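Asks: What follows is a single structure, and I will ask about it in a moment.
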Amino acid sequence: MRALRFTAVFGATFAILYVMAMEMNIAAFTYHPRLMAFGLGSEAPRSGPAMYWYGWLATAALGGLALGLLAAVLPVRGAKLWYALGWLAPLGAMLAALYFMLPFFTR
């Protein structure tokens, strides 16, 4: 039961935090492929492009892990709501991400 609650909360939280990290550029780290170097947080490109995607994933995963573990430890109230959030939040996050990327598709 706790594993199912963790999975539902982690999935919902990860999806929401990923969209927020992508839109607000909140990355745990930045990778600079030309220099083959990492930087802490969201850094400006040093020489060539900077890759933020890995940092966005790490940000969302750490936040999802923290809230998922918290939900697994806390007592259960409204279990059906948590399981519904496990499906509805990622769907909503996917639609939000599509909305934010709409300018790339309509140019």
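Asks: Regarding the chain, what's the average projected area of the Cα-atom convex hull, expressed in nm²?
Replies: 8.0 nm²
Asks: Find the relative contact order for the chain and round it to a whole percent, using C-alpha pairs within less than 8 Å whose residues are 6+ positions apart.
Replies: Values: 157 pairs, mean separation 41.0, N = 107.
38 percent.
Asks: Using the Cα centre of the range 2-106 as origin and beta-carbon charges of +1 (Lys, Arg) and -1 (Asp, Glu), tell me which of Ala72, Gly41, Ile16 is placed farthest towards the positive end of the dipole.
Replies: Of the candidates, Ala72 comes out farthest on the positive side.
Asks: Round to the nearest 0.05 the FRET efficiency obtained for Met24 and Leu88 when R0 = 22 Å and r is the Cβ-Cβ distance. Mind dumping the intermediate values first?
Replies: Working: r = 22 Å, r/R0 = 1.00.
It comes out at approximately 0.50.
Asks: Let me ask something else about it. Report, in whole Å, the centroid distance computed from the Cα atoms of the range 44-63 and the range 3-41.
Replies: When both Cα centres are located, 8 Å separates them.
Asks: Which of Pro33, Pro90, Pro75 moves the most in a Gaussian network model of the chain with Cα springs under 10 Å?
Replies: Pro75
Asks: Under the 0.36 nm per residue contour assumption, what length would be gained going from the current alpha-carbon distance of Leu102 and Ala61 to full extension?
Replies: 12.3 nm
Asks: I'd like to compare 38-49, 61-72, 4-15: which one has the highest average count of other Cβ atoms within 10 Å, and what's the full order after that? Spell out each step's value before the answer.
Replies: On the way: 38-49: 12.7, 61-72: 16.5, 4-15: 20.8.
Descending packing order for the listed peptides: 4-15, 61-72, 38-49.
Asks: Viscosity 1.306 mPa s, temperature 10 °C: what is the translational diffusion coefficient of the range 49-107 from Stokes-Einstein with a Kirkwood Rh over Cα pairs, rounded to a whole number of µm²/s?
Replies: On the way: Rh = 14.0 Å.
D = 113 µm²/s.
Readers should treat all values here as calculations from the given coordinates under stated rules, not as data from a laboratory. On a predicted model such as this, the values are computed, not experimentally measured, just so you know. Note that each Cβ is placed from the backbone with ideal geometry, even for glycine, and that neighbours are counted across all protein chains shown.
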